[in-house]
Structures are given as structure tokens and as C-alpha cells.
Amino acid sequence: MNQFFGVETLAICVTSLKTSSVAIVAASLLGVPVALWASNNYFAGRGALVTVFNTLTALPSVFVGVLLYSLLSRSGPLGSLELLYTWPAMSMGQTLLALPLIVSLTLAALSRTDPRLRKELIALGIPAWRTGWILVKEARFGVLAAVVAAFGRVFTEVGSALMLGGNIRHSTRTITTSIAMETSKGNFEFGLGLGFLLLAVALAINIGFHSLQETRAR
């Protein structure tokens, strides 16, 4: 019990939250504008683009790990950056996993907004950036749900985290990589405790999201 409530567990939680939070911020800053652009513009291949993003929501984390490992390894084109086995490399992998989910769910949220609103904003000559901001605010609950879902995806993934981070103590060891390590050593109680901790964090995030929804709905 003392082992579970020690500095080791705290460091693991901090690393997990740090890598996932950075990834979600990056994926949101990229994904929401992409979804907004695809929602407001009709062009040849738009349907194919949406299909690609929908397909990539099921992108295996181990594939992302292999892809980035080949780029960040010493023999890879980005090897000079020396990012492999660091938490930024883990965040890069998690960003690639979160991005398709945010784009797809944000597109779905924007598609449910009143089409007359978009036409009225254009007719009034509202600048494109402000029109986009108003539409995102209109679909804010759906956009927030997309971000929360993406956070749940990256916070609980283990494949790319192991490959890109290396599970280094007090550096790149996360809750999920610790669970994998502890269970492989036969330390099932500690691994199970970390699993419950993982669920508790995910539950807290979802409770916060629903509380925000209820507050804004009043």
C-alpha cells in the first residue's frame, strides 16, 4: 500500500497527465480548424477526406509508434532532434492518435448546427475567422465532447507510449506503461491499483464535462 501511495506513483501520474494534455492541446489546435474548414467548404474529394479521418479514428497505437520510431531513431530523418525516448516524442504519438478523433467528432458536431446560421453570418459580411468562432461556440458541447473522447483515447493508450518513451523511470513512465511492466513482473496488485487509478482519472474528467454541460444548459 505504501508503494502505491508513494513518489513513484505521483511521478507516473504527472507524466501521464503531462504527455496527454500537451497532445490534446496540439490536436485540438490542429483538428478543430481542419474540421471547421471542411465543414464550411465543399470541394471535390471532401467526402473522401471525411472518410479518411473517420477511418483513422481506429488507427492502431502500435502503428503510430512504429511510424514515429522510424522517423525519430538515429537512422531516421528526424534523428538529429534526439526526441526518441522522451516525453515530447510520446506526446507526438498521442497527437497523431487524437487528431482524427477530434476532426471527425467536431465535423459531426458542426453538421448539427442550424445551416441558416452560417448563411446569415455570410450574408452579414462577418469575417471568416469570426464566423468560424461563432459556429464553434454554437457546437461547443459537441466539440468539447470530441476533446474529452480524444483525451480518453490517448490517456489510456500504451502501444506508442512504450515504443517512443521506453518506460524510463521518472521520465517517460506513465500509468499504462507501468501497468504493463508491473503485470509482466507478476506484481498484479500494484498493476490493478494503477488500473483503478486510470479509471478514476477518466471518470473525474467525464464528471467535469457533464457538470460543465449542465451548468451551461441552465
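Just to check your reading of the model, which residue among Gly125, Gly142 is surrounded by 17 or more Cβ atoms within 10 Å (Cβ to Cβ) and either in contact with a Lys or Arg (Cβ under 8 Å, 6 or more places away or on another chain) or free of Cβ contacts under 8 Å to residues at least 24 places away in the same chain (or both)? Outline the logic, then answer.
Details: Gly125 fails: surrounded by 17 or more Cβ atoms within 10 Å (Cβ to Cβ).
None of the other options fit; the residue is Gly142.
Give me the pairs, please: first residue somewhere in the range 160-179 and closer than 20 Å to Leu96 by Cβ, second residue anywhere and part of a loop (DSSP other than H, G, I, E, B) and among the small types (Gly, Ala, Ser), beta-carbon distance under 9 Å, and either six or more positions apart or on two chains.
Final answer for the pair search is Gly165/Ser171; Thr172/Gly166; Thr177/Gly166.
Looking only at the range 46-66, count every residue that is in a helix (DSSP H, G or I) and surrounded by fewer than 19 Cβ atoms within 10 Å (Cβ to Cβ) and tell me the total.
13
In the set Asn187, Asn167, which member is over 25 Å from Thr57 (Cβ atoms) and either buried (at least 18 other Cβ atoms within 10 Å of the Cβ) or touching an Asp or Glu at 6+ places or on another chain (Cβ under 9 Å) (or both)?
On the way: Asn187 fails: either buried (at least 18 other Cβ atoms within 10 Å of the Cβ) or touching an Asp or Glu at 6+ places or on another chain (Cβ under 9 Å) (or both).
Going through Asn187, Asn167 in turn, just one is over 25 Å from Thr57 (Cβ atoms) and either buried (at least 18 other Cβ atoms within 10 Å of the Cβ) or touching an Asp or Glu at 6+ places or on another chain (Cβ under 9 Å) (or both): Asn167.
Among the numbered criteria (1) under 20 Å from Trp87 (Cα atoms); (2) at pLDDT 90 or above, which single criterion is violated by Val201?
Of the numbered conditions (1) under 20 Å from Trp87 (Cα atoms); (2) at pLDDT 90 or above, the odd one out for Val201 is (2).
Do we find that Ile179 is over 19 Å from the mean Cα position of the chain (by Cα), more than 23 Å from Val34 (Cα to Cα) and in a helix (DSSP H, G or I) in this structure?
The answer is yes for Ile179.
So, Ile102, is that one more than 12 Å from Ile24 (Cα to Cα) and hydrophobic (A, V, I, L, M, F, W, C) or not?
On the way: more than 12 Å from Ile24 (Cα to Cα): no; hydrophobic (A, V, I, L, M, F, W, C): yes.
Against the criterion (more than 12 Å from Ile24 (Cα to Cα) and hydrophobic (A, V, I, L, M, F, W, C)), Ile102 does not qualify.
Take the residues in the range 67-113 that are of a type in the set (Val, Ile, Thr) and part of a helix (DSSP H, G or I); name whichever of them is farthest from Val50 (Cα to Cα).
Result: Thr95.
Residues are listed down the side, and each one gets a yes or a no for (1) of a type outside the set (A, V, I, L, M); (2) under 30 Å from Leu117 (Cα atoms); (3) at pLDDT below 95:
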{"residue": "Leu10", "(1), (2), (3)": "no, no, yes"}
{"residue": "Thr19", "(1), (2), (3)": "yes, no, no"}
{"residue": "Leu29", "(1), (2), (3)": "no, yes, no"}
{"residue": "Tyr42", "(1), (2), (3)": "yes, yes, yes"}
{"residue": "Leu49", "(1), (2), (3)": "no, yes, yes"}
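Six or more apart or on different chains, Cβ atoms under 8 Å: show the pairs whose first residue is in the range 67-89 and within 24 Å of Val14 (Cα to Cα) and whose second is in a helix (DSSP H, G or I) and among the β-branched types (Val, Ile, Thr).
Trp87/Thr15; Trp87/Thr19; Pro88/Val22
The values are calculated or read from the model by the stated rules, or taken from the named source; none is laboratory data. Worth saying up front: this structure is predicted, and the values here are computed from it rather than measured. A quick note on method: Cβ atoms are made from the backbone with ideal geometry, for glycine too, and the neighbour counts reach across all protein chains shown.
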